[in-house]
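> Structure provided below as structure tokens; questions to follow.
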Amino acid sequence: MNKNLSDEEKLSRIRLNSFFFLRTDWIWRFLEIYGSASEILKKSPRELVVEGGLSFDTASKLFDKALNCKPDEEMALVEKSGAKLIFFEDEDYPQLLREIYDPPLMLYVKGEIKPKVAIAIVGARKPTAYGVKVCAKLSRDIALNHITVVSGLARGIDSAAHDSVVRSNGNTLAVLGAGLNVLYPRENKKLSEKIIETGGALISEFPMATQPLPQHFPRRNRIISGLSYSTVVIEGSYRSGSLITAKSALEQGREILAVPGPIDSEMSEGPNKLIKEGAGLCETAMDIILSLPPEALGNLNLNPGKIKTGSDKNKELKIEKLNKLDREIYEMIVKTENGILMDALIHKAKCSVPDVSAAVFELETAGLIEMSDGKYRESLILN
Amino acid sequence: MLSKFWSLGLKGIDGFIVSVEVDIASGLPSYSVVGLPDTGIKESKNRVIAAVRNSGFDFPVKKITVNLAPAEIKKAGTHFDLPMALGVLSACGKIKKSADDKIKNTAFIGELALDGSLRPVSGVLPMIMALKNEKSKVKNIIVPSANSEEAAAAKINALKANSVKDIVNYLNGEEELEVCQKSEEVQKARYRGDFSEVKSQAFAKRALEIAAAGFHNVIMVGPPGSGKSMLSKRFPSILPSLSYEECLEVTKIYSVSGLIKSSKLMSLRPFRDPHHTISNAALIGGGSNPRPGEASLAHYGVLFLDEFSEFSRSAIESLREPLESKEITVARVKESIVYPSKFLLIAAMNPCPCGYLSHPTKECSCTPAQVHKYRSKISGPILDRIDMHIQLSPIKYDEWASLPAAEKSFDIKDRVIRAIDIQKKRFNGSKTSANSFMSIGEMKEHCKIPESADRILEIAMNKFGFSARSLDKILKVSRTIADLEGSQDLKKEHIMEAVQYRILDKAGDVALKY
């Protein structure tokens with residue numbers, strides 16, 4: 001460690017990394033045996049079988065892939081898309097990730113990984129409204145305390161977490177299950193741009209043009225948990241990928257927390273199971289912060305007594321300023337579970353359409369409520 | 001022997017005068033029609049021969065040539081049967097010389113049955129209108145009895161007849177024909193359904209009132225059972241009544257399409273709701289023998305496209321032309337035909353493929369990708385032409401039961417007409433007829449943003465990411481809201497309300513993300 005890699009070695013590493021079928025702990029083992037990636041590539045598959053214990057099939061595939069790989073082109077792609085490569089040996093390789101037993105050989109990074117305290121928030125791709133709400137709240141509060149939120153940019157909870165952090169001007173890292181040039185899911189393009197704008201980063205272990213295949217995601221999940229001190233699971237069924245992330249966090253010796261859900265919802269199966277098995281129960285950002293090890297808390301200069309949460313004065317001030325009707329309508333909206341439609345609002349408030357429209361407009365532009373799918377609900381983000 | 005009778009042809013929804021010339025010469029017996037007739041006209045040969053025989057005349061066994069002039073325009077339709085039969089009869093001397101005066105200023109249309117009686121034809125009104133417009137000497141017309149009410153609507157000297165025999169007798173001065181009488185029932189026509197039958201949906205109803213007042217296109221998003229169709233079907237009842245000229249224009253289109261069943265003037269605003277499997281040609285018009293499509297049949301009325309995102313993409317895109325230019329040009333190699341199509345588009349769609357995305361009680365089972373794909377079928381350019389977006393939701397029973405009876409269409413219509421009168425005054429002398437058609441120049445003049453709202457618009461644009469085009473729509477809709485209120489100037493409140501009718505813009509990517 002701490003030795004800078006030669007250019008040739010870098011290229012060889014890229015070659016080795018192109019065979020991402022193999023778990024990296026195997027590659028680390030060979031690196032230990034042979035000293036460098038360039039040396040490994042000089043061997044024959046047979047030697048890896050005899051000396052390394054790899055199956056012949058895998059070994060020949062490894063050589064096949066590695067020797068056909070064009071690292072120069074790969075480097076050009078990285079440069080062209082404004083990304084960069086961080087090798088394990090580089091100084092800015094995240095320390096926490098270094099400590100896991102199968103750290104990636106290298107990371108493709110777009111944006112910046114700031115050496116800070118990070119926690120992971122992962123969860124269902126099809127969450128319930130409850131899950132999204134809780135996720136947005138937790139992520140916002142975590143971000144307000146200058147803790148980085150790591151997630152996977154997947155649909156659902158992942159996106160909600162990133163979005164909430166970005167809108168609170170916090171720092172967030174997105175670890176992808178595809179190459180950086182293949183943004184998946186596509187509808188998150190804007191979000192991914194915002195992540196970079198707000199000082200976060202998109203991270204991937206896979207070569208630039210790798211497609212998002214199902215088998216990539218468990219591999220990606222170990223990086224999510226590996227970057228983080230704690231992993232929080234919000235919603236997910238028994239078969240959920242979030243449980244894989246939780247499992248790898250466990251293997252890495254990291255803290256696991258789960259947000260409990262109603263017992264009759266399929267989406268609560270995963271987190272409730274984790275809690276049953278001993279995961280921490282997470283209700284507020286405080287729970288997450290308290291799960292951090294002392295060195296992380298020291299790093300943050302965070303005094304557990306001074307944890308910030310989003311429901312601060314700013315919002316109360318804004319609410320105080322509202323006129324009577326606006327306030328009534330605001331309270332009506334806050335009371336509803338899943339948001340309320342304009343129509344129902346008019347019906348409840350017993351006011352004319354123009355009056356309610358004006359009130360909703362005021363509340364929306366003040367950032368107190370927001371609308372999606374035609375429903376107005378309390379805004380969890382304030383800025 | 002030669003004879004010449006006047007008849008009429010159709011091009012698009014406009015008629016033109018055709019002279020039907022018949023020549024009978026000695027030679028091998030034959031019957032040929034020249035002058036670009038279509039197959040329907042060529043087939044008329046057998047009908048003409050049988051009808052003439054069965055009316056008690058001998059059919060001349062000679063060489064007969066029928067010419068339809070002007071010969072370079074394509075002609076179609078079975079209504080040439082009558083003038084052809086009369087031409088044959090006149091050429092072989094069955095019609096007296098004294099009838100020449102009558103023949104010279106009368107046009108004849110009608111399809112023949114084999115027994116010599118007359119059958120109704122389509123396109124009567126637009127053809128007759130040609131007699132009204134052109135400087136032709138032909139001022140009278142004889143139509144089949146079944147078409148008499150439609151003919152009467154044109155306010156021209158129209159006579160009706162039941163058979164060829166009647167007409168021959170009339171020409172020979174032996175009998176008189178009845179004048180076509182206008183039906184009294186026209187005034188009694190009523191729309192089906194009334195807004196008072198729709199309880200709740202105050203927001204949507206208000207939106208539709210604004211849409212009617214400013215002729216704004218609307219898209220409604222809501223789960224099944226939220227009342228999208230119910231509201232749309234009642235929408236024509238709050239539109240102002242058609243003027244006589246507008247009635248005529250609508251009737252012309254329906255007449256050409258052969259859709260006038262009771263031969264009456266169409267006095268109600270059309271409501272067309274084609275199924276989503278409709279072909280492009282059926283939607284906007286066309287075909288090898290061009291016919292008006294649904295977009296033209298909805299002229300001056302409502303084109304309601306339910307399940308908007310289920311329509312084929314090309315069908316939706318083909319609506320761009322009529323939405324922009326208010327007419328449709330069907331171009332063929334030999335001719336190009338223009339059909340008017342100034343309709344108000346009401347599109348309705350579910351919020352997602354399963355339909356229950358924003359449903360108060362039911363769970364949606366779609367993935368965000370499915371929802372995204374579903375919505376992306378409606379392209380930006382089409383959405384840009386739709387001024388108002390509204391979200392609907394089904395109402396719960398207890399809410400429904402507690403609601404008082406709603407306002408009647410009549411009262412809403414009253415406000416709509418007031419707002420339209422204001423617009424008429426404003427746009428006096430300009431091509432623009434409603435707020436939604438305002439040009440940029442007119443918008444600058446009539447949609448001055450009040451100082452108090454300047455900041456509001458800025459906030460809204462930053463907050464919701466509205467495009468400049470959305471902003472235009474918001475201002476146009478605000479103008480209509482102000483007109484409904486009778487307010488000369490735009491006020492802050494008008495703009496604030498108008499913003500609420502752009503949910504699809506506002507939703508942006510937020511709605512689709514989770």
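> Pop the C-beta distance of B:D100 and B:T277 into the FRET formula with R0 = 56 Å and round what comes out to the nearest 0.05.
Efficiency, from the Cβ-Cβ distance: 0.55.
> Further question on the same structure: What FRET efficiency, computed as 1/(1 + (r/R0)^6) with R0 = 60 Å and r the Cβ-Cβ distance, is obtained for A:R29 and B:E363, rounded to the nearest 0.05?
Result of the calculation: an efficiency of 0.80.
> May I pose another question? Ranked by Cβ crowding within 10 angstrom, fewest neighbours first, how are B:L490, B:L36 ordered?
Result, fewest neighbours first: B:L36, B:L490.
> What residue among B:I503, B:Q488, B:T251 has its Cα farthest toward the positive end of the dipole of region B:195-505, where the charges are +1 on Lys, Arg and -1 on Asp, Glu, each on the Cβ?
It is B:T251, whose Cα lies furthest towards the positive end.
> Also: If I model a spin label at B:V61 and A:T58 as a point 7 Å from the Cα along the Cα→Cβ vector, what separation in nanometres do I get?
So the two model labels end up 10.3 nm from each other.
> Here's something else I'd like to know. Let me spell out the model: positive unit charges on the Cβ of Lys and Arg, negative unit charges on the Cβ of Asp and Glu, origin at the Cα centre of region A:104-244. What dipole size does that give, in debye rounded to 20?
Charge dipole, region A:104-244, about its Cα centre: 220 debye, nearest 20.
> Expressed as a whole number of Å, what is the distance separating the alpha-carbon centroids of region B:86-156 and region B:2-56?
Here the two parts' Cα centres lie 13 Å apart.
> Here's another thing I want to ask about it. Rounded to whole Hz and in sequence order, give me ³J(HN,Hα) for region A:75-80 from the Karplus expression 6.51 cos²θ - 1.76 cosθ + 1.60, θ = phi - 60°, writing x for Gly and Pro.
Per residue, the Karplus-derived 3J(HN,Hα) values read 4, 4, 4, 4, 5, 4 Hz.
> Given +1 on the Cβ of Lys and Arg, -1 on the Cβ of Asp and Glu, and no further charges, what dipole in debye does region A:256-300 carry about its Cα centre, rounded to the nearest 20?
Approximately 100 debye in magnitude.
> How many angstrom lie between the Cα centre of region B:293-307 and the Cα centre of region B:446-504?
28
> Given R₀ = 56 Å, what would the calculated FRET efficiency be for A:F21 paired with B:S467, taking r from the Cβ atoms and rounding to 0.05?
0.75
> Between 0 and 90 degrees, rounded to the nearest ten: what's the tilt of helix A:216-226 against the longest Cα principal axis of chain A?
So the inclination is approximately 80 degrees.
> Counting alpha carbon pairs within less than 8 Å and at least 6 residues apart, what relative contact order, in whole percent, applies to region B:152-225?
Averaging sequence separation for qualifying contacts and normalising by length gives 21 percent for region B:152-225.
> Hey, another quick one. So how far, in whole Å, is the C-alpha centre of region A:309-374 from the one of region A:109-149?
Cα centres, region A:309-374 to region A:109-149: 26 Å.
> With 10 angstrom as the radius, rank A:M332, B:M84 by how many other C-beta atoms surround their C-beta, starting from the fewest.
Going from sparsest to densest Cβ surroundings: A:M332, B:M84.
> Still on this structure: Can you tell which of A:K116, A:K42, A:K126 shows the greatest fluctuation in a Gaussian network model of chain A with Cα springs below 10 Å?
Evaluated over chain A, the most mobile residue of the options is A:K42.
> Next up: Along the Cα→Cβ direction, 7 angstrom out, place labels at A:N314 and B:K408. What is the inter-label distance in nm?
Between A:N314 and B:K408, the label points sit 5.4 nm apart.
> Over the Cα atoms of region B:2-179, what radius of gyration and what Dmax do you get, in Å?
So, for region B:2-179, Rg and Dmax equal 14.7, 46 Å respectively.
> Can you give the angle from 0 to 90° between the axis of helix A:324-335 and the longest principal axis of chain A, with both taken from C-alpha atoms, to the nearest 10?
50
> Rounded to whole Å and ordered largest first, report the semi-axes of the equivalent ellipsoid of the protein assembly as shown derived from its Cα gyration tensor (root of 5λ).
The three semi-axes for the protein assembly as shown are 74, 36, 21 Å.
> Shifting gears a bit: If packing is taken as the mean number of other Cβ atoms within 10 Å per residue, what is the order of A:364-372, B:230-238, highest first?
Packing proxy ranking, top to bottom: B:230-238, A:364-372.
> Using modelled amide H (1.01 Å from N, peptide plane; none on Pro or chain starts), what sits under 5 Å from the amide H of B:Q391, excluding residues fewer than 5 places away?
Sorted by chain and number, the residues that satisfy this are B:V221.
> How much length, in nm to one decimal, is gained on full extension between B:E245 and B:A331, taken as 0.36 nm per residue of separation minus their Cα-Cα distance?
28.3 nm
> While we're on this one: Tell me the Rg and the Dmax, in Å, that the Cα atoms of chain B produce.
27.8, 90
> How much length is gained if the chain between A:E73 and A:Q215 is pulled fully straight, taking 0.36 nm per residue apart and subtracting their Cα-Cα distance, in nm to one decimal?
48.6 nm
> How many nm is it between the label spots at A:N4 and A:E91, if each spot is 7 Å from the Cα in line with the beta carbon?
Calculated label separation equals 1.0 nm.
> Sort A:L274, A:L22 by Cβ crowding within 10 Å, fewest neighbours at the top.
With the sparsest Cβ surroundings first, the list reads A:L22, A:L274.
> Relative to the longest principal Cα axis of chain A, at what angle does helix A:129-144 sit, 0 to 90 degrees, rounded to 10?
The two axes meet at around 70 degrees.
> If you stretched the chain out fully between A:H146 and A:K80, how much longer would it get, using 0.36 nm times the residue separation minus the C-alpha to C-alpha distance?
20.6 nm
No value in this document is a laboratory result; all are computed from the given coordinates. Because the structure is a prediction, the values reported are computed rather than measured. With ideal geometry, Cβ positions are generated from the backbone for all residues, glycine too; neighbour counts draw on all protein chains shown.
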